[in-house]
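Read through the structure below, which is laid out as structure tokens, and then see the notes.
The values are calculated or read from the model by the stated rules, or taken from the named source; none is laboratory data. Worth saying up front: this structure is predicted, and the values here are computed from it rather than measured. We place every Cβ from the backbone using ideal geometry, glycine too, and count neighbours over all the protein chains shown. Note: accessible area is taken over every heavy atom of the protein model, side chains too, but ligands, DNA and RNA are not part of it. Shrake-Rupley method; radii C 1.70, N 1.55, O 1.52, S 1.80 Å.
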Amino acid sequence: MKAIVVTDQAAGTAGMKLVERPEPQAAGNDVLVQVHASGFTPGELSWPSNWTDRLGRDRTPSVPGHELAGVVTALGYGTTGLSVGQRVFGLTDWTRDGTLAEYVAVEARNLAPLPGDVDFTMGASLPISGLTAWQGLFEHGRLQAGQSVLVHGAAGGVGSMVTQLAREAGAYVIGTGRAGNRQTALDFGAKEFVDLDNDAMEDVGGVDLVFDIIGGDIGKRSAGLIRAGGTLVTIAGPPEARPADGLAIDFVVESDRAQLSDVVQRVRDGRLRTNIGNVATLDDAVAAFNPTERRKGKTIIRVRP
């Protein structure tokens, strides 16, 4: 089968190569999925799990990408809950070969049925951004209606999902980002926008929840905006500063079938939309992940036409 592999962490996306690999086999509780579309976040290549297994051993050349939509072609021993021929989408395990390939073996529990009226490109764009937003807001942030939320990167893949879900939950959403992303953030549901290059973030005043995807100085300054009893939620690593009278939580997204189903139902209802940018083939994936100019939206690889 065709697959994208990486062998050199320092090379980043420039080190990606399209190669021929053996088709994987479905182990116990796995399914084998014929990948129709794959999502990829360039930041994945900084994650140790792309390069070493759980025991710290080198596992290159490894196949990156952890979001997929496709069709189940085989079941591993003891696998239940899914069937051959079923359309699925979801998130693969971090320490196994990923989805930038024609086939992938993945634990069945990490996948959810993909309704027939949601295309594979849309399905592959949902898992990381949708689950990250859901878990950060509702599991870790315990968002309630009427609260205020500051969303960093509100026009991006994760931030746009956070903005929409928070707005639907009855929160007042303030988005941040670069000046050129203002209208996009407002279109996704932010009531206000802070240009991080030119506006003073502190002018926002106190908020109940900050959803941080940036970290660094922005993350540190964000801690000072949290009201008493509020929460700073981040996916940018352990926070360097904590609220004086609140919580700071960093987390890594986990696959969850029920949450995936909730997210995709909102897409079907028109309550949630993704920010898809470039769509490329597997043959053109390396070029798509190394663009010559900045592109907006998430790049999706259509593995099958």
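Here is a yes/no grid of residues against (1) at pLDDT below 95; (2) of a type in the set (D, E); (3) open to solvent by 40 Å² or more (accessible area, probe 1.4 Å):
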| site | (1), (2), (3) |
| --- | --- |
| P22 | no, no, yes |
| T41 | yes, no, yes |
| D53 | yes, yes, no |
| G56 | yes, no, yes |
| G65 | no, no, no |
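The C-beta contact set for the range 277-305 (first residue over 22 Å from T7 (Cβ atoms), second residue surrounded by fewer than 12 Cβ atoms within 10 Å (Cβ to Cβ) and of a type outside the set (S, T, Y), distance under 6 angstrom, 6+ apart or interchain) comprises G277/R295; N278/R295.
All of Q265, Q259 fail the test of being of a type outside the set (V, I, T) and open to solvent by less than 20 Å² (accessible area, probe 1.4 Å), apart from Q259.
For (1) free of Cβ contacts under 8 Å to residues at least 40 places away in the same chain; (2) open to solvent by 20 Å² or more (accessible area, probe 1.4 Å); (3) within 21 Å of R271 (Cβ to Cβ); (4) touching a Phe, Trp or Tyr at 6+ places or on another chain (Cβ under 8 Å), each residue gets a yes or a no:
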residue: G76; (1), (2), (3), (4): no, no, no, no
residue: G85; (1), (2), (3), (4): yes, yes, no, no
residue: W94; (1), (2), (3), (4): no, yes, no, yes
residue: D97; (1), (2), (3), (4): no, yes, no, no
residue: A105; (1), (2), (3), (4): no, no, no, no
residue: D117; (1), (2), (3), (4): no, yes, yes, no
residue: G130; (1), (2), (3), (4): no, no, yes, no
residue: L137; (1), (2), (3), (4): no, no, yes, yes
residue: H140; (1), (2), (3), (4): no, yes, no, yes
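Just one of the listed residues (A190, A179) is open to solvent by less than 50 Å² (accessible area, probe 1.4 Å), over 25 Å from E44 (Cα atoms), out of contact with any Phe, Trp or Tyr (no Cβ under 8 Å at 6 or more places or on another chain) and not acidic (D, E), namely A190.
Would you say A241 is of a type in the set (G, A, S), in contact with a helix residue (DSSP H, G or I) (Cβ under 7 Å, 6 or more places away or on another chain) and at pLDDT 95 or above? In short, no. When the range 221-250 is filtered for residues that are open to solvent by less than 20 Å² (accessible area, probe 1.4 Å) and of a type outside the set (A, V, I, L, M), the ones remaining, listed by number, are S222, G230, T231, T234, P243.
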